[in-house]
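The values are calculated or read from the model by the stated rules, or taken from the named source; none is laboratory data. Since this is a predicted model, take the numbers as computed values, not measurements. Here the Cβ positions follow ideal geometry from the backbone for every residue, glycine too, while neighbour counts run over all protein chains shown. The area values use the complete protein model at the heavy-atom level, side chains included, leaving out ligands, DNA and RNA. Shrake-Rupley method; radii C 1.70, N 1.55, O 1.52, S 1.80 Å.
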Amino acid sequence: MQGTFYEREVWDLRNQVVILDFGAQYTQLIARRIREQKVYCQVISGDASVSEIRSAVDPAGADIPGAVILSGGPDSVYEDGAVLPDRAVFELGCPVLGISYGMQAMAKVLGGRVVAARGAGRTREYGPAVLRVASRDGIFEGFPAETRVWMGHGDIVDQVPEGFSVTGSTGDTPVAAMADLSRRLYGVEFHPEVTDTSLGKELIANFLFGVAGLAPDWTMERFVENTVKDIRERVGNAHVVAGVSGGVDSTVCAALVHKAIGDHLHPILVDHGLMRQGEAAYVVEAMSRLGVRVKLVDAQDRFLDRLSGVSDPERKRKIIGEEFIRIFEEEARHLDGVEYLLQGTIYPDVIESGSRTRKVIKSHHNVGGLPERMNLKLLEPVRELFKDEVRLAGKEMGLSDEFLGRHPFPGPGLAVRVLGEVTRDRIDVVRKAQAVLDEEIRRAGWYDRLWQCFCVLPNVRTVGMTGDQRTYGHVIAIRAVHSEDAMTAEWARLPCDVLERVSARITSEVSDVNRVVLDITSKPPSTIEWE
Ligand code: XMP
């Protein structure tokens, strides 16, 4: 499933967009905005050659994209070593839209001039601005004379390249938009991909449909159909082994592959004893409703034995990872003809780890070195999708909204929510408290509003009282956060009456707990999990 998702017989290969990434934090957002308009797009390095662009679109290298977008970026185009697009990009024949750094790069490569905003006697422009539209052709079709846009740049184009005209300006930025209508080259200094630009969506739609003439054909129905066909061809008669956890990505992957090759898929659920209440049975049942038979391996004792006496969070993670691999290998050894390991890599992982022009490179996590150890090839059927697209693909295959909307749950499970030593008793405390919390949060209608909401068992005891008796019991901490992508998070202001019920129920229903506290820190400075 490497490279493009499109196949020549089924799709018009030109009906896709290539985004050249110059490292802006907003690059993924540009991709999201395009996919939302039902147009397929890929993000590749800003310095990609034209032949790399062609082969991203069409492995045979024959076709070109329907449009190219140049993303923003943190650098200055006139600095030594600045990454610039290949000049030939502008001669491909497809429309190009440069955004912020992308517009400056376009101006620089085509002979215009870019200067520091300060050097031109102007201030850096950050935040909202009013764009005065000078020409309503192309990307500004149907726009009013003035519209609110979102700026974020320290440089400006102060001379447009030959053939271009200025199509929009703001108080601080005389060239806030430029275009060469005959070559279909457009640049905007502001960010149409952020919602603070009032007509950003309309601008992107004008570019995709009006200027580039693309068709909105990217739907999850077609994705499922096409991917199933692709998996079938690629895997042939081989077998595929998969570790499933009940998470959305691994479940959707398993459902796709099962649809393609049926019983040649072997999903394995390792119950490490660190799952939420009823979790293993719930996952097995949800998968069986899709016709997927999951092998449940009960390894609770093995994990808990190995964790005994261990308090260091990193040691815990390492032990759990190693033990998981060991059990997985043992199980897979009993299977014949396995050539592939299924993995739930999604597009943000690919963007983060795959671009040469990205400053912060995060390698996406996989199942700790399994493919090399087991000599398996990777199958990554949702590596082209964003999280919400994975959910839509799951829905398309019959997974329930309830299943697809479940909060993320860490691989090492409750072990990282039991601070200090992990024992069966302490896991039980946090598991029971979590069940109460889930029930109350769902009942209050808050579950879908939160990214995560969970209980933590710190390794302290506090004094309390039950009737006339002094107690010396556990503390449960409640952590509830809002987040878009887990990179940052804001603590959730849960209603006091909900918190009160949660506290009353946990202290009365979970034995040995005499205190409930609320975590009121955001990320940063905290992480979402406590360990
Ligand atoms: P942090 O705690 O780093 O968590 O802010 C960000 C998101 O990742 C989840 N998380 C993990 N998931 N293995 C996982 O599969 C892990 O070791 C792990 N640690 C944290 C966490 O629940 C949150 O959604």
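List of remarks:
- This model, with +1 at the C-beta of Lys and Arg and -1 at the C-beta of Asp and Glu, gives the chain a dipole about its Cα centre of some 640 debye.
- Full-stretch length increase - Asp388, Val130 - with 0.36 nm per residue and alpha-carbon distance subtracted: 89.7 nm
- FRET efficiency for the Val310 to Glu500 pair, using the beta carbon distance and R₀ = 30 Å, is estimated at 0.25.
- Residues whose amide H comes within less than 5 Å of that of Lys523, counting only those at least five positions distant or on another chain, are Ala489, Glu490, Trp491 (H built at 1.01 Å from N in the peptide plane).
- Most simply put, the chain has about 50% antiparallel DSSP beta bridges, counting only bridges with both residues inside it.
- Using only the C-alpha atoms, the convex hull of the stretch 6-211 corresponds to 102 Å³ per residue.
- Under the simplified labelling scheme, the Ser165-Met374 pair shows an inter-label distance of 6.2 nm, with each label point 7 Å from Cα along Cα→Cβ.
- Applied to the stretch 293-309, the Karplus parametrisation 6.51 cos²θ - 1.76 cosθ + 1.60 on θ = phi - 60° returns per-residue 3J(HN,Hα) values of 8, 9, 8, 9, 9, 7, 10, 4, 5, 4, 5, 5, 4, 5, 8, 4, x Hz, with x for Gly and Pro.
- Residue-span extension gain [Glu329 to Arg470] - 0.36 nm each, minus C-alpha spacing: 45.8 nm
- Distant-in-sequence amide H partners of Cys41 (H built 1.01 Å from N, under 5 Å): Val17
- For the stretch 416-465, the Rg and Dmax computed from alpha carbons only, in angstrom: 12.8, 35
- The stretch 214-329: antiparallel DSSP beta bridges as a percent of all, rounded to 5: 0
- Approximate shape of the stretch 371-488 as ellipsoid semi-axes (Cα gyration tensor, √5λ), whole Å, largest first: 35, 20, 12
- Put simply, the C-alpha atoms of the chain give a gyration tensor, and the ellipsoid matching it has half-axes of 47, 30, 19 Å, longest first.
- Size of the stretch 73-154 as Cα extents on the principal axes (Å, biggest first): 38, 35, 18
- Positive dipole terminus of the stretch 220-404, leading residue within Leu404, Ala281, Met220 (C-beta point charges): Met220
- CD proxy at 222 nm, helix term only [per DSSP H run n ≥ 4: -39500 (n - 2.57); per residue of the chain; nearest 500]: -9500 deg cm²/dmol
- Dividing the convex hull volume of the alpha-carbon atoms in the stretch 103-247 by its residue count gives 190 Å³ per residue.
- Order of exposure, largest accessible area first, which applies to Thr527, Thr167, Thr195 with probe 1.4 Å: Thr195, Thr527, Thr167
- Listed residue (Gln452, Leu518, Thr423) projecting farthest to the positive dipole end of the stretch 423-518, Cβ model: Thr423
- For the stretch 423-518, averaging the sequence separation of C-alpha pairs within contact (under 8 Å, six or more residues apart) and dividing by the residue count gives a relative contact order of 30 percent.
- Ratio Rg/Rh [Cα only; Rh per Kirkwood] for the stretch 169-238: 1.24
- The residues packed around Asn459, meaning those with a beta-carbon under 9 Å from its beta-carbon, carry a net charge of +1 if Lys and Arg are +1 and Asp and Glu are -1.
- Cα centroid separation, the stretch 458-524 to the stretch 144-197 (Å): 50
- Cα Rg over Rh - the stretch 220-404, Kirkwood: 0.96
- Reference-scaled alpha-carbon Rg (2.2 N^0.38 Å with N residues) for the stretch 423-518: 1.11
- Spin-label model distance (nm) - Asn237 vs Glu52, 7 Å beyond Cα toward Cβ: 4.0
- Above-threshold pairs, the threshold being 22 Å between Cα atoms, out of Lys229/Lys377; Lys38/Lys108; Lys259/Lys387: Lys38/Lys108
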